[in-house]
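The values are calculated or read from the model by the stated rules, or taken from the named source; none is laboratory data. Remember, predicted model here, so these are calculated numbers, not experimental data. Neighbour counts are summed over all protein chains in view; Cβ atoms, including those assigned to glycine, are modelled from backbone coordinates with ideal geometry. Ligands, DNA and RNA are stripped out before the accessible areas are found, and what is left, the full protein with its side chains, is counted by its heavy atoms. Shrake-Rupley method; radii C 1.70, N 1.55, O 1.52, S 1.80 Å.
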Amino acid sequence: MKVCVGLSGGVDSSVAALLLKQQGYDVFAMFMQNWHDTEGTLHGDCEWEEDKFVAEMVARKIGIPFYFIDLSNEYRQRVVDYMFDEYSKGRTPNPDVLCNREIKFDAFLKAAEKMGADMVATGHYCRKEPALDDEGHQIMQDGKPVWRILAGSDPNKDQSYFLCQLTQDQLSKAMFPIGDICKPEVRHLAHEADLPSAEKKDSQGICFVGKVDLPVFLQQKLKSVEGDVIEVYDAYFSESEQYKFIHDTLDSILADGSLGDVNLVTDYISDDKSAHSEAGSFEGGCANVSVYDFGKIAALSDGQLKRLSEPVTYGDIHFETETYRSGKHHVKKTRYKENPYGAVVGRHEGAQFYTIGQRKGLNIGGHKDSLFVISTDIDKNIIYVGEGHRHKGLSRSCLRVAPEEIHWIREDLRMEVDEIRRYRVRIRYRQPLQDATLIMRENGLYILFDAPQRGITPGQFAAWYAPLENSKEASDSLHPDTCTEMIGSGVI
């Protein structure tokens with residue numbers, strides 16, 4: 001079998017190529033250039049040239065052919081232009097997910113096939129296996145075998161989330177040679193083989209672009225326009241009809257015997273300190289105890305679910321001005337009157353440059369705790385912020401994926417309308433999996449989390465996973481998140 005390795009110059013793809021060569025495959029390497037511009041980037045002008053040089057040395061060391069391909073036009077059209085368009089609408093895309101779907105396992109795959117490749121391999125930390133039925137036979141659909149994506153064995157490096165938009169056709173031609181290896185072992189193998197990439201640092205930032213100053217990068221196409229930063233006070237939520245609706249609706253569907261009032265604020269500080277289900281008994285794809293009652297959820301109308309998934313907005317916070325005289329010369333000045341619901345606390349350079357949950361780049365002092373972006377209004381060019389990670393505007397319990405944005409990796413497990421299932425979900429890379437109930441309706445797929453989630457961001461991807469049942473690996477694993485299969489995903 002002939003395998004093309006996407007060799008990036010990093011240690012992960014290098015070891016992937018090394019292992020395939022050792023396993024007897026007919027391997028060749030291909031380095032792809034996807035980006036030329038340097039505006040807004042925080043690295044040297046010729047980083048891709050250095051990566052190419054290292055990749056070529058790795059190929060020579062392993063003893064495999066090396067080729068170069070320029071996919072920058074495809075990358076700009078299918079990833080970067082989409083990224084600019086999403087930011088212009090006040091949404092936050094994930095270019096790494098798009099790069100895998102549109103470039104690595106599409107444009108790059110097609111180029112590799114033209115050179116005779118049967119499969120394409122990458123250095124992703126995830127695993128691929130045949131989907132088996134109860135009798136151990138591979139599941140077939142439309143005459144083709146069904147494959148599944150499993151989380152990588154290294155809980156600190158699992159990259160399955162970035163592959164959440166792959167199709168069965170793409171997956172059938174993909175190989176992930178290091179998915180069952182932990183990062184330290186990958187480094188060890190690279191050192192042992194004396195690969196030039198053994199000490200190379202992991203890449204950061206946008207796939208193939210690198211670390212960027214996001215506002216500067218986006219200003220290539222999006223105009224910078226100053227606007228107000230409005231801090232929202234806690235008092236606003238006691239008067240918000242939407243917040244009351246969310247509270248009362250969630251309270252009404254709590255399972256009998258659940259403890260007290262419904263919780264609307266996340267109980268963790270960051271993804272690294274996030275609470276998630278412990279390993280234990282699972283049923284239907286998730287921990288078998290939910291805080292919500294399935295029957296009560298089923299009784300909610302499509303309209304109620306849609307409203308439940310909508311965030312609180314703050315467009316009704318208005319400010320009146322008053323004049324006053326200041327200093328010994330009594331100079332006449334204007335200021336905002338005090339408002340119990342909020343205050344104008346600063347200025348920004350464009351609401352489209354900010355994302356929900358962001359705290360860096362606001363440059364606003366005078367607060368005990370950090371300020372976080374809780375909402376953006378692109379039409380009015382306003383950013384709304386809240387103080388502290390427990391601010392009520394930072395947490396949400398329900399999100400919606402529009403019908404046209406629902407993607408099933410396992411088409412054979414597609415949910416039917418009115419079906420309710422339990423899965424484990426993440427809404428960003430490296431977030432520990434969160435227990436949730438998925439509800440399929442005519443107007444979309446709803447994800448109702450057991451615990452409120454911080455920073456649910458429009459434009460990002462939600463990916464849902466099921467635990468590996470009756471698996472020796474699952475019982476032996478030290479971390480429950482690695483014992484999961486990714487079932488599907490969708491744009492929030």
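Couple of notes before you dig in:
- Derived scalar couplings ³J(HN,Hα) [the stretch 484-491; Karplus, 6.51 cos²θ - 1.76 cosθ + 1.60; whole Hz; x for Gly, Pro]: 9, 10, 7, 9, x, 7, x, 7
- Placed amide H near Lys128: partners under 5 Å, 5+ positions off or other chain: Leu150, Phe176
- Largest to smallest in accessible area, the residues His389, His188, His348 fall in the order His188, His389, His348 (1.4 Å probe, all protein chains included).
- Computed [θ] at 222 nm, deg cm²/dmol, the chain (DSSP H ≥ 4; -39,500 (n - 2.57); rounded to nearest 500): -5500 deg cm²/dmol
- Debye, to nearest 20: dipole size of the stretch 57-140, +1 on Lys, Arg Cβ, -1 on Asp, Glu Cβ: 500
- In this structure, the amide hydrogen of Gly342, modeled 1.01 Å from its nitrogen in the peptide plane, lies closer than 5 angstrom to those of Tyr233, counting only residues at least 5 positions away or on a different chain.
- Translational diffusion of the stretch 83-235, µm² s⁻¹ [Kirkwood Rh, Cα pairs; Stokes-Einstein; 10 °C; 1.306 mPa s]: 85
- Applying the Karplus relation 6.51 cos²θ - 1.76 cosθ + 1.60 with θ = phi - 60° to the stretch 179-196 yields 3J(HN,Hα) values of x, 9, 10, 8, 3, x, 5, 4, 4, 4, 5, 5, 5, 4, 8, 6, 6, x Hz, where x marks Gly and Pro.
- Relative contact order computed over the chain (Cα-Cα under 8 Å; 6+ residues apart), in percent: 17
- HN-Hα J in Hz across the stretch 302-317 - Karplus 6.51, -1.76, 1.60, θ = phi - 60°, x for Gly and Pro: 4, x, 5, 5, 4, 5, 4, 7, 8, x, 5, 10, 10, x, 8, 7
- Among residues other than Lys306 with Cβ under 11 Å from its Cβ, the summed charge is 0 (Lys and Arg +1, Asp and Glu -1).
- Rolling a 1.4 angstrom probe over the protein heavy atoms with all chains in place gives the chain an accessible area of 47 Å² per residue.
- Met32 sits with roughly 20 Å² accessible to a 1.4 Å probe, with DNA, RNA and ligands left out of the calculation.
- Size of electric dipole in the stretch 337-433: Cβ of Lys, Arg +1 and of Asp, Glu -1, about Cα centre, debye, nearest 20: 560
- When the solvent-accessible area of the chain is split by element, carbon and sulfur atoms take up 47 percent of it, the probe being 1.4 Å.
- Accessible-area value, Ser309, 1.4 Å probe, nucleic acids and ligands omitted, Å²: 10
- The computed Rg and Dmax of the Cα atoms in Å for the structure shown corresponds, within (i) 23.4, 78; (ii) 24.7, 90; (iii) 28.0, 82, to (ii).
- The charge dipole of the stretch 363-492, taken about the Cα centre with unit charges on the Cβ atoms of Lys, Arg (+1) and Asp, Glu (-1), comes to about 580 debye, rounded to the nearest 20.
- Ile356, Ile383, reordered so the largest accessible area comes first (probe 1.4 Å): Ile356, Ile383
- Violating pairs (Cα-Cα greater than 26 angstrom) within the set Lys110/Lys221; Lys183/Lys221; Lys104/Lys223; Lys200/Lys221; Lys52/Lys201; Lys114/Lys221: Lys110/Lys221; Lys183/Lys221; Lys104/Lys223; Lys200/Lys221; Lys114/Lys221
- GluC sites (Glu not before Pro) within the stretch 366-431, DSSP loop, no more than 10 other Cβ atoms inside 10 Å: Glu416
- Amide H partners (placed H, <5 Å) of Tyr67, local residues excluded: Ala29, Met30, Phe31
- Tensor-based shape of the stretch 69-157 (alpha-carbon gyration tensor, a/c under 1.5 rounded, otherwise prolate or oblate): prolate
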